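Everything below concerns the one structure shown next.
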Amino acid sequence: SPSHSPRSHQGYVGFFPERVTRSVRLALDAGLRHVDTALLYRSHEQVAHVIRASLMEGELDREDFFLTSKVLHPPAEAFGMDDTTIDMDEMTPEEVGRTVHRHVQVTLRELGVGYLDLMLLHWPSPGGGVGGQAEGDGDGEDGAGARTGMAEIDP
């Protein structure tokens, strides 16, 4: 819905922090157990706060919820090119791998968790492409999760 979409307001780009905190708290209280976030949303701090509170209060164990995040390629014009996007067009495969690994580590640190259940490559499809496709299996080392994938969206 429009009230939960990433927005730009007086220099702020991302989801409004108070909406993220409230939405994640209400979702977990309602029994939802899949939390979907991304570096680009700039919501990790708020998501981490709610997750940490739920864990500390004994409401949930880490295994009780599924945590997904994303890295973004290509740069999104609405958000600009910064440390949350990856311009893979000019990078070698090795550079892409190192950059994605760095994004995973930043995500883990910002969310305050030891692992992600799923890390997606957010790849907008200007022509409205079809669905996503799994891209390989990880071994779960470094908290990257057992699966990585690609998600296509139509902006």
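Anything in region 97-117 that is over 17 Å from Ala53 (Cα atoms) and touching a His at 6+ places or on another chain (Cβ under 8 Å)? List them, or say none. Result: Thr107, single match. Total residues in region 38-76 satisfying the condition of being outside any helix (DSSP H, G or I) and at pLDDT 90 or above: the figure is 10. Scanning region 21-65 for residues that are in contact with a Pro (Cβ under 8 Å, 6 or more places away or on another chain) and without any contact (Cβ under 8 Å) to a residue 40 or more places away in the chain, we see that the one that is least open to solvent (accessible area, probe 1.4 Å) is Ser43. On the stretch given as region 86-100, residues that are outside any loop (DSSP other than H, G, I, E, B) and in contact (Cβ under 8 Å) with a residue 12 or more places away in the chain total 4.
The values are calculated or read from the model by the stated rules, or taken from the named source; none is laboratory data. Bear in mind that the values here come from a model prediction, so they are computed numbers and not experimental data. Note that each Cβ is placed from the backbone with ideal geometry, even for glycine, and that neighbours are counted across all protein chains shown. The protein model used for the area step is the full one, side chains on, heavy atoms only, and it has no ligands, DNA or RNA in it. Shrake-Rupley method; radii C 1.70, N 1.55, O 1.52, S 1.80 Å.
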